[in-house]
Amino acid sequence: MRVDEATALKALECLIEGCSVRATERLTGIHRDTIMRLLALAGERCQRLLESQVASPLTSRMVTRRSARLSKAFSRNRANLKAASALHFAFYSFCRVHKTLRVTPAMEAGITEQVWSLAELLRG
């Protein structure tokens with residue numbers, strides 16, 4: 001892909017926050033096919049990370065919310081849904097600090113000692 005890292009991270013942050021693919025396209029200026037390829041790549045990396053670090057995902061709340069949305073952009077293709085689910089599970093487990101825990105679930109489980117940025121998540 002010929003998208004710089006900052007723009008790619010912005011697109012993935014939009015998807016994580018719940019923006020549709022077309023809204024992400026308007027916000028970032030990246031074509032929707034490129035966004036879907038970026039999502040697939042990020043999903044593959046997150047899936048490998050989850051398989052190596054976490055025995056089972058800690059929650060499915062965010063993926064359930066994504067699946068319940070009226071837009072079915074991610075569920076039209078099984079690979080896209082799998083990639084979106086892996087990205088959300090990894091973000092939820094490694095990057096998002098939870099109010100009740102005051103740390104990420106991965107930190108609580110002793111898998112990592114710090115909150116990861118989205119860039120660190122995709123490199124890992």
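Looking at this structure, is Ala119 under 17 Å from Glu13 (Cα atoms) and either at pLDDT below 85 or surrounded by 13 or more Cβ atoms within 10 Å (Cβ to Cβ) (or both)?
Spelling it out, Ala119 is indeed under 17 Å from Glu13 (Cα atoms) and either at pLDDT below 85 or surrounded by 13 or more Cβ atoms within 10 Å (Cβ to Cβ) (or both).
Matching residues to (1) more than 18 Å from Val3 (Cβ to Cβ); (2) buried (at least 21 other Cβ atoms within 10 Å of the Cβ); (3) at pLDDT 80 or above:
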{"site": "Thr34", "(1), (2), (3)": "no, no, yes"}
{"site": "Ala40", "(1), (2), (3)": "no, no, yes"}
{"site": "Ala55", "(1), (2), (3)": "yes, no, no"}
{"site": "Leu70", "(1), (2), (3)": "yes, no, no"}
{"site": "Asn77", "(1), (2), (3)": "yes, no, no"}
{"site": "Phe91", "(1), (2), (3)": "yes, yes, yes"}
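Can you list residue pairs whose Cβ atoms sit under 9 Å apart, with the first residue in segment 100-124 being outside any loop (DSSP other than H, G, I, E, B) and the second being surrounded by fewer than 13 Cβ atoms within 10 Å (Cβ to Cβ) and of a type in the set (Asp, Glu)? Count only pairs 6 or more apart in sequence or on different chains.
Qualifying pairs under 9 Å: Met107/Glu113; Ala119/Glu5; Leu122/Glu5.
Of the residues Ala11, Ala23, only one is part of a helix (DSSP H, G or I), at pLDDT 90 or above and either within 15 Å of Ala119 (Cα to Cα) or among the acidic types (Asp, Glu) (or both); which?
The conditions single out Ala11.
In segment 20-32, what count of residues is obtained for those that are over 16 Å from Ala79 (Cβ atoms), surrounded by 18 or more Cβ atoms within 10 Å (Cβ to Cβ) and not polar (S, T, N, Q)?
Going through segment 20-32 one residue at a time, the tally reaches 2.
The values are calculated or read from the model by the stated rules, or taken from the named source; none is laboratory data. Small disclaimer: the values here were computed from a predicted structure and weren't measured. Every residue, glycine as well, gets a Cβ built from its backbone with ideal geometry; the counts of neighbours run over all protein chains shown.
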